[in-house]
1. Arrange TRP7, TRP65 by Cβ neighbour counts within 10 Å, fewest through most, would you?
2. Taking the Cβ of PRO91 as the centre, find all other residues whose Cβ is under 14 Å away and add up their charges (Lys, Arg: +1; Asp, Glu: -1).
3. How about the stretch 45-103: which GluC sites (Glu not before Pro) there are in a DSSP loop, with at most 11 other Cβ atoms within 10 Å of their Cβ?
4. Counting other C-beta atoms within 10 Å, which of THR87, THR5 has the fewest, and how do the rest follow?
5. Residues with amide H under 5 Å of GLU80's amide H, sequence separation 5 or more or different chain, H placed in the peptide plane at 1.01 Å from N; which?
6. Return the FRET efficiency for the residue pair VAL73, ILE41: r is the Cβ-Cβ distance, R0 is 35 Å, and the value is rounded to the nearest 0.05.
7. So who's got an amide H within less than 5 Å of the one on PHE63, skipping anything under 5 residues away but keeping other chains? H placed 1.01 Å off N, in plane.
8. Suppose each label sits 7 Å from its Cα in the direction of the beta carbon; what would the GLU11-HIS62 distance come out to in nanometres?
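Please treat every number below as a calculation from the coordinates, not as lab data. All of these numbers come straight from a predicted model, not from anything done at the bench. Note that we place each Cβ from the backbone using ideal geometry, even for glycine, and neighbour counts take in every protein chain shown.
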Amino acid sequence: MRDPTYWKDPETFNMERVKTDEQDFNASRFQYLPYGGGRRICTGINFGMASIEIILVNLIYHFDWELPGGMRVEELDMEETMGLALTRKNPLYLVATPHHKII
């Protein structure tokens, strides 16, 4: 999804590219295929879509997230490396501080 022939300004994050009123994960319109499509679609798509939201919300709700050692956002290394999938070259480390009493 970084080919400039298909995407305007492909190197910047733009949520509007994948955010629509109606997500089509069945590959009938081929707009956004994170789980493959057609007969070869991921069998765990329904479980994944139902699970990830609750996991993410719990992490965001229960913790304050900061960069380690007073690092600023501008200092982050956002270099990527190619492989089977596009990944960060260097891992992102965050410091999680609980801000609610967990019962």
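1. Working: TRP7 13, TRP65 10.
Fewest-to-most ranking of TRP7, TRP65: TRP65, TRP7.
2. Numbers: positive: ARG88, LYS89; negative: ASP77, GLU79, GLU80.
With Lys, Arg at +1 and Asp, Glu at -1, the net is -1.
3. Values: sites: GLU53, GLU66, GLU74, GLU75, GLU79, GLU80; in loops: GLU79.
Sites meeting the loop and neighbour criteria: GLU79.
4. Numbers: THR87 10, THR5 5.
Starting with the residue having the fewest Cβ neighbours, the order is THR5, THR87.
5. LYS89
6. Working: r = 36 Å, r/R0 = 1.03.
Approximately 0.45, to the nearest 0.05.
7. Long-range HN contacts for PHE63: HIS99.
8. 3.9 nm
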